[in-house]
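Worksheet for the structure shown next.
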Amino acid sequence: MTSIEWTDRTWNPVIGCARVSAGCENCYAETMAARVALMQKAQGRESPYLKVVDVERRRWNRRAVFLPERLGDPLRWRKPCRVFVNSMSDLFHDDITFEQIEQVAALMEATPQHTYQVLTKRPARMLEFLNWLGPALPNLHVGVSVENQEAADERIPLLLQCPAA
């Protein structure tokens with residue numbers, strides 16, 4: 001469960017990111033990733049976040065990694081819910097292949113009782129992927145985050161071209 005008011009759960013089959021605009025300046029996920037990495041390290045556990053965040057600076061190291069072991073998480077959720085996909089990254093980061101994103105989409109398709117919410121600051125890549133994927137998934141909602149009018153003017157027209165439900 002999550003305290004994010006517009007969703008019920010988060011699902012992070014991808015972690016890590018790279019700053020792409022002014023909207024990334026106060027990224028909560030960077031700070032949270034560093035905190036989680038340090039806590040897991042202190043507990044003697046290996047943290048996947050150590051691969052994607054500079055814990056000293058509390059900044060992304062510009063890498064993103066796909067975590068296939070997390071793909072099955074939505075299969076365990078019996079109650080239909082709204083799922084924020086990749087609250088700790090951007091699904092459309094350049095390090096993530098279309099084949100990996102397709103695996104995420106396949107899980108979405110296999111769990112039609114859930115509504116998946118994907119936000120990105122990389123709408124051109126999202127548009128390219130959705131066109132590559134084929135017919136829109138009826139339980140996938142896509143959006144772009146915008147921090148100012150310039151970003152809105154750049155990202156929203158690309159969002160509007162996306163073949164989405």
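Would you tally the residues in the stretch 35-57 being in a helix (DSSP H, G or I), within 20 Å of N12 (Cα to Cα) and of a type outside the set (S, T, Y)? Looking only at that region, the number is 10.
Check whether at least one residue in the stretch 8-19 is modelled with pLDDT of 90 or more, of a type outside the set (A, V, I, L, M, F, W, C) and open to solvent by 70 Å² or more (accessible area, probe 1.4 Å), and report yes or no. No; the residues of the stretch 8-19 include none that is modelled with pLDDT of 90 or more, of a type outside the set (A, V, I, L, M, F, W, C) and open to solvent by 70 Å² or more (accessible area, probe 1.4 Å).
Residues in the stretch 88-98 that are among the polar types (S, T, N, Q) and either in contact with a Leu (Cβ under 9 Å, 6 or more places away or on another chain) or surrounded by 22 or more Cβ atoms within 10 Å (Cβ to Cβ) (or both): how many? Of the residues in the stretch 88-98, 1 are among the polar types (S, T, N, Q) and either in contact with a Leu (Cβ under 9 Å, 6 or more places away or on another chain) or surrounded by 22 or more Cβ atoms within 10 Å (Cβ to Cβ) (or both).
Note on the stretch 124-165: residues that are in contact with a Phe, Trp or Tyr (Cβ under 6 Å, 6 or more places away or on another chain), open to solvent by less than 40 Å² (accessible area, probe 1.4 Å) and in a helix (DSSP H, G or I) total 2. Could you check, for the stretch 34-47, whether at least one of its residues is under 20 Å from P123 (Cβ atoms), among the hydroxyl-bearing types (S, T, Y) and surrounded by 12 or more Cβ atoms within 10 Å (Cβ to Cβ)? Within the stretch 34-47, not a single residue is under 20 Å from P123 (Cβ atoms), among the hydroxyl-bearing types (S, T, Y) and surrounded by 12 or more Cβ atoms within 10 Å (Cβ to Cβ). Which pairs do you get when a residue that is within 16 Å of L159 (Cβ to Cβ), found in the stretch 126-146, comes within reach of a residue that is open to solvent by 50 Å² or more (accessible area, probe 1.4 Å) and of a type in the set (S, T, N, Q), reach meaning Cβ atoms under 8 angstrom, with the pair 6+ apart or on two chains? As it stands, the answer is L127/Q161, since those pairs meet every condition given.
Here L119 does not fit the description of being open to solvent by 10 Å² or more (accessible area, probe 1.4 Å), outside any strand (DSSP E or B) and either in contact with a Gly (Cβ under 7 Å, 6 or more places away or on another chain) or not polar (S, T, N, Q) (or both). Taking residues in the stretch 60-72 that are farther than 24 Å from R19 by Cβ and in a loop (DSSP other than H, G, I, E, B), and partners anywhere that are at pLDDT 95 or above and open to solvent by 60 Å² or more (accessible area, probe 1.4 Å), the pairs with Cβ atoms closer than 7 Å and at least 6 places apart or on different chains are L71/Q103. Within the stretch 90-106, residues that are among the polar types (S, T, N, Q) have Cβ atoms under 6 Å from residues that are crowded, with 19+ Cβ neighbours inside 10 Å and not in a loop (DSSP other than H, G, I, E, B) in these pairs: Q100/F66, counting only partners at least 6 apart in sequence or on another chain.
Within the stretch 20-33, restricting attention to residues that are open to solvent by 60 Å² or more (accessible area, probe 1.4 Å) and assigned to a loop (DSSP other than H, G, I, E, B), the residue that is modelled with the lowest pLDDT is N26.
The values are calculated or read from the model by the stated rules, or taken from the named source; none is laboratory data. Quantities reported herein were computed from a predicted structural model and do not represent experimental measurements. Heads up, the Cβs are rebuilt from the backbone with ideal geometry, glycines too, and the neighbour counts pull from every protein chain shown. Heavy atoms of the whole protein, side chains included, go into the accessibility calculation; ligands, DNA and RNA do not. Shrake-Rupley method; radii C 1.70, N 1.55, O 1.52, S 1.80 Å.
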